[in-house]
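Chemist: Mind looking over this structure? Questions follow.
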Amino acid sequence: MEAAPIPGGGRSTLERPPLARLPDRALKYGLTAIAALILALIAYFFIRLVGEARPAFGKFGALGFAFNNDWNIPAERFGALPLVVGTLLTSVLALLIGVPVAVATAIYATELCPARLRAPLTLLVELLAAVPSVVYGLWGLFFLAPKLLPAEQWLADRLSFVPFIGGGLVTIPNYFVAGLVLAIMILPIVSAISREVMATVPADHKEAALGLGATRWEMIRMAVLPYCRSGIVGGAMLGLGRAIGETIAVAILIGGTPRLGSHLFGPGESLAGSIANEFGEAQGLHRSALFAAGLVLFVLTLLVNGVARALVLRAARGRTAQAGTVDAGMRLADTAAGV
Amino acid sequence: MSTPGASSESLARFAVSRARRRRDRLAHGTILAGTVIALIPLMLIVYYLLIKGLGSWSASFFTTDPTGNTFFKNSNIGGIKSALLGTLEMVALASAMSIPLGIGVAVWLVEYGRTSWFAHTVRFAVDMLTGVPSIVFGLFVYIVLVVGTGSSFAGYKGSVALALLMLPVVIRSGEVILLLVPEGLRESALALGAPRWRVIFSVVLPTALPGMVTGVLLAVARAAGETAPLLFTAASTLKTNTDLGQFMNSLPVQIYNDVTSPTTSLVERAWGAALALVTIILLLNVFARLIARRSRLA
């Protein structure tokens, strides 16, 4: 922008007077400050949370807190293993149920579906992300769980020889129902990411497979799925991060009993759920323990999301010429799915 | 794909074998079944929301505050007025805080930061914020604004928690849209002698506006449905309250309280409130998509 100074002194006629350059500078440094604010915010966030969680970590030790199986509020003993297990069990259940369905939906929408149905189908799946978590809780507790109860009891009776699945008394809120509702909740994000990644498969590859005589399914299995593997895994990990952090639906559906459940169809508690259920009445060490649970949750979701983003970005970059636009499109899709 | 055997005997050996064709059809069926399964929950949720929710809607449902009278079976439990107003008010304040900030960061990332290490760090931080569970935002605001100031719960504290939640969504969607603004537009404006700030305000932002509105509406829709960040920041109350410095009711928190109470009549009220909440969020989503369709960029 700047013109060379004219020999003999004086300003170039092309140069702006200093006063006119002021708004430009102000905007640039103002916006930079706002961006720096985001970083400061996260750092402050972390430090304050650690500060509040310190009494609990100090008393039980970080590992003792995370892995002791003893959450006893009256006795002021806080070992969060039942909560960690509840969180991981429901989230893994959500992945096992949700990911195959989400990938099937994505394959159908990108490869098999008539072109006219594609947009409505995508919209319907994305609308699942628009339903608030508390409504999932309401629906799960008063519609889904009672309807599923006989089926769950039947399964528990038939499989009574399998440890952890069968044998026990089935309750309305339980691990399984919480996991099932989580599966529905992560469906839109996993499906959206899978769809975006599948859209990056070059048409050449697919046409080559078909040209060699492959059937549709063989083309999907040999050309589409291997190409998208890391993207789909990344999408599933993003879903996992979402499931781990999901609070209200799980708090309503898991039962709110902070003990290690004896079986899949019994009540338990999750990290996020314990905060929602207990924080209102918590005092002193209990409150600190709940902050510690929040911190464990925070770190867990950061790790899972970090791995997920790395995988998704790797899937999109460096493969196609227009990797930049794919990346942009994918980020938009995952915003739309309510990240 | 396969040539019908009848047309030419010599081509029959190229036909897809029966086993492969069966496998193809099986896979087709499985994938279709998966898709149908994915659509069932939405249908069931919408169906039950309409059946149960419309049943508890009445003219007074929207114009009365919820009451605490739940002891007798036929006592008047009231409606959702305070929750509806509280949600609108808190989400409006949260939007007023997060939208300018978020768009500012997005503009900085695209126009100034670009590919510098600092911009990458900010992008990474925003991605991290996206993954933070909403209840953790609630805890943070509780620490800073409730414990930190020594005062009690208040509507504006709930708004701050919601704003933190919206911020990464606004930044990311804004950045995506700004990246789609053609470089040529910026260069033409600069070549005409416009300073950078005028390029941003008169060329880049107006071009990106419809797309940005879409992202912002989706963020607002997300904030409107959140319960967890409000539990320990705005808490809940029965009375209508327009002062953001006091306890404030909201639709998600009222639904949560009603769901976790053991009274059947309160669950009825929760269905009605849930239908109202989902209607608001769906309308925001529909608007967002309509505007997205009109955008020339996306």
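Chemist: For segment B:148-196: of the residues being over 19 Å from the mean Cα position of the chain (by Cα) and within 28 Å of A:Ala289 (Cβ to Cβ), which is surrounded by the fewest Cβ atoms within 10 Å (Cβ to Cβ)?
Modeler: Start the filter on segment B:148-196 by keeping residues that are over 19 Å from the mean Cα position of the chain (by Cα), which leaves B:148-157, B:178-196.
Subsequent filtering for residues that are within 28 Å of A:Ala289 (Cβ to Cβ) retains B:148-154, B:157.
Details: B:Gly148: 11, B:Thr149: 10, B:Gly150: 6, B:Ser151: 11, B:Ser152: 11, B:Phe153: 20, B:Ala154: 22, B:Lys157: 28.
Applying the filter and picking the extreme gives B:Gly150.
Chemist: Let me ask you something else. Within segment B:31-43, can you find the residues that are at the interface with another protein chain (Cβ under 7 Å from one of its Cβ atoms), among the β-branched types (Val, Ile, Thr) and farther than 17 Å from A:Arg118 by Cβ? Explain how you work it out, then say what you get.
Modeler: Step one: list which residues in segment B:31-43 are at the interface with another protein chain (Cβ under 7 Å from one of its Cβ atoms), which gives B:31-32, B:34-35, B:37-39, B:41-42.
Of the ones still in play, those that are also among the β-branched types (Val, Ile, Thr) are B:31, B:35, B:37.
Within segment B:31-43, B:Ile37 is the sole residue that qualifies.
Chemist: Oh, and also: I'd like to check something: does segment A:88-98 contain any residue that is in contact with a strand residue (DSSP E or B) (Cβ under 7 Å, 6 or more places away or on another chain), away from chain B (no Cβ under 14 Å) and within 26 Å of A:Gly273 (Cα to Cα)?
Modeler: Step one: of segment A:88-98, the residues in contact with a strand residue (DSSP E or B) (Cβ under 7 Å, 6 or more places away or on another chain) are none.
No, the conditions are met nowhere in segment A:88-98.
Chemist: Among the numbered conditions (1) within 23 Å of the chain's Cα centre (by Cα); (2) of a type in the set (Lys, Arg); (3) closer than 29 Å to B:Val253 by Cα; (4) surrounded by fewer than 24 Cβ atoms within 10 Å (Cβ to Cβ), tell me where A:Arg242 comes up short.
Modeler: (4)
Chemist: Using the structure shown, decide if B:Asp258 is of a type in the set (Asp, Glu) and within 12 Å of chain A (Cβ to nearest Cβ).
Modeler: Numbers: of a type in the set (Asp, Glu): yes; within 12 Å of chain A (Cβ to nearest Cβ): yes.
In short, yes.
Chemist: With the requirement that a residue be β-branched (Val, Ile, Thr) and in contact (Cβ under 8 Å) with a residue 40 or more places away in the chain, what does segment A:217-260 give you? So that I can check it myself, show each step before the final result.
Modeler: First, pick out the residues of segment A:217-260 that are β-branched (Val, Ile, Thr): A:220, A:224, A:232-233, A:244, A:247-248, A:250, A:252, A:254, A:257.
Correct list: A:Ile220, A:Val224, A:Ile232, A:Val233, A:Ile244, A:Thr247, A:Ile248, A:Val250, A:Ile252, A:Ile254.
Chemist: In this structure, is B:Leu145 under 24 Å from the mean Cα position of the chain (by Cα) and either closer than 19 Å to B:Ala163 by Cα or within 14 Å of chain A (Cβ to nearest Cβ) (or both)?
Modeler: Numbers: under 24 Å from the mean Cα position of the chain (by Cα): no; either closer than 19 Å to B:Ala163 by Cα or within 14 Å of chain A (Cβ to nearest Cβ) (or both): yes.
Taking the combined requirement at face value, the residue does not satisfy it.
Chemist: Count, please, the residues in segment A:287-308 that happen to be touching a residue at least 40 places away in the same chain (Cβ under 8 Å), surrounded by fewer than 20 Cβ atoms within 10 Å (Cβ to Cβ) and at the interface with another protein chain (Cβ under 8 Å from one of its Cβ atoms).
Modeler: Residues in segment A:287-308 being touching a residue at least 40 places away in the same chain (Cβ under 8 Å), surrounded by fewer than 20 Cβ atoms within 10 Å (Cβ to Cβ) and at the interface with another protein chain (Cβ under 8 Å from one of its Cβ atoms): 0 in total.
Chemist: Can you tell me which residue within segment A:99-118, out of those that are of a type in the set (Gly, Ala, Ser) and over 25 Å from A:Ser270 (Cβ atoms), is farthest from the other protein chains (Cβ to nearest Cβ)?
Modeler: Taking segment A:99-118 and keeping what is of a type in the set (Gly, Ala, Ser), we get A:102, A:104, A:106, A:109, A:115.
Retained after the next criterion (residues that are over 25 Å from A:Ser270 (Cβ atoms)): A:104, A:106, A:109, A:115.
Details: A:Ala104: 3, A:Ala106: 9, A:Ala109: 8, A:Ala115: 15 Å.
Here the answer is A:Ala115.
Chemist: Give the residue, chosen from A:Glu52, A:Glu15, that is charged (D, E, K, R) and outside any helix (DSSP H, G or I). Talk me through it step by step, then tell me what you get.
Modeler: Working: A:Glu52 fails: outside any helix (DSSP H, G or I).
Exactly one residue qualifies, and that residue is A:Glu15.
Chemist: Okay, next question. Just to be sure, is B:Gly104 closer than 26 Å to A:Ala289 by Cα and touching a Gly at 6+ places or on another chain (Cβ under 9 Å)?
Modeler: On the way: closer than 26 Å to A:Ala289 by Cα: no; touching a Gly at 6+ places or on another chain (Cβ under 9 Å): yes.
It is false that B:Gly104 is closer than 26 Å to A:Ala289 by Cα and touching a Gly at 6+ places or on another chain (Cβ under 9 Å).
Chemist: Within the bounds of segment A:71-80, is there any residue that is among the polar types (S, T, N, Q), under 30 Å from B:Val147 (Cβ atoms), away from chain B (no Cβ under 14 Å) and not in a loop (DSSP other than H, G, I, E, B)? Working first, answer last.
Modeler: Of all residues in segment A:71-80, those among the polar types (S, T, N, Q) come to A:72.
Okay, now just the ones that are also under 30 Å from B:Val147 (Cβ atoms), so A:72.
Still in the running and away from chain B (no Cβ under 14 Å): A:72.
The next check asks that each one be not in a loop (DSSP other than H, G, I, E, B); those that pass are A:72.
Checking segment A:71-80: at least one residue is among the polar types (S, T, N, Q), under 30 Å from B:Val147 (Cβ atoms), away from chain B (no Cβ under 14 Å) and not in a loop (DSSP other than H, G, I, E, B).
Chemist: Could you tell me whether B:Ala270 is more than 23 Å from B:Val169 (Cβ to Cβ), touching a residue at least 12 places away in the same chain (Cβ under 8 Å), facing chain A (nearest Cβ under 9 Å) and assigned to a loop (DSSP other than H, G, I, E, B)?
Modeler: Numbers: more than 23 Å from B:Val169 (Cβ to Cβ): yes; touching a residue at least 12 places away in the same chain (Cβ under 8 Å): yes; facing chain A (nearest Cβ under 9 Å): yes; assigned to a loop (DSSP other than H, G, I, E, B): no.
No.
To keep it simple, each residue is scored yes or no on (1) in contact with a Gly (Cβ under 8 Å, 6 or more places away or on another chain); (2) at pLDDT 90 or above; (3) aromatic (Phe, Trp, Tyr); (4) surrounded by 17 or more Cβ atoms within 10 Å (Cβ to Cβ).
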{"site": "A:Arg16", "(1), (2), (3), (4)": "no, no, no, no"}
{"site": "A:Leu22", "(1), (2), (3), (4)": "no, no, no, no"}
{"site": "A:Leu27", "(1), (2), (3), (4)": "no, yes, no, yes"}
{"site": "A:Ile38", "(1), (2), (3), (4)": "no, no, no, yes"}
{"site": "A:Gly51", "(1), (2), (3), (4)": "no, yes, no, no"}
{"site": "A:Arg54", "(1), (2), (3), (4)": "no, yes, no, no"}
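Chemist: Condition (residue is more than 12 Å from chain A (Cβ to nearest Cβ), surrounded by fewer than 17 Cβ atoms within 10 Å (Cβ to Cβ) and not in a helix (DSSP H, G or I)) applied to segment B:206-224: is it met by at least one residue?
Modeler: No: zero hits.
Chemist: Output the number of residues of segment B:244-264 satisfying the condition of being over 19 Å from B:Ala223 (Cα atoms) and of a type in the set (Ser, Thr, Tyr). Please lay out each step first, then the result.
Modeler: Step one: list which residues in segment B:244-264 are over 19 Å from B:Ala223 (Cα atoms), which gives B:245-246, B:258-264.
Filter again for of a type in the set (Ser, Thr, Tyr), leaving B:260-261, B:263-264.
The total comes to 4.
Chemist: Among the residues of segment A:119-168, write down those that are more than 10 Å from chain B (Cβ to nearest Cβ), over 23 Å from A:Leu264 (Cβ atoms) and buried (at least 18 other Cβ atoms within 10 Å of the Cβ).
Modeler: A:Thr122
Chemist: Those residues that are aliphatic (A, V, I, L, M) and crowded, with 24+ Cβ neighbours inside 10 Å, I need them from segment B:260-274; list them, please.
Modeler: Here is the first cut: in segment B:260-274, the ones aliphatic (A, V, I, L, M) are B:266-267, B:270, B:273-274.
Across segment B:260-274, the qualifying residues are B:Ala270, B:Ala273, B:Ala274.
Chemist: Something else now. I'd like the full set of residues that are within 22 Å of B:Arg123 (Cα to Cα), more than 8 Å from every other protein chain (Cβ to nearest Cβ) and in a helix (DSSP H, G or I), limited to segment B:178-198.
Modeler: Listed by number, the residues that qualify are B:Leu178, B:Glu183.
The values are calculated or read from the model by the stated rules, or taken from the named source; none is laboratory data. If you're wondering where the values come from, they're calculated on a predicted model, not measured in any experiment. Here the Cβ is made from the backbone with ideal geometry for all residues, glycine too, and neighbour counts use every protein chain on show.
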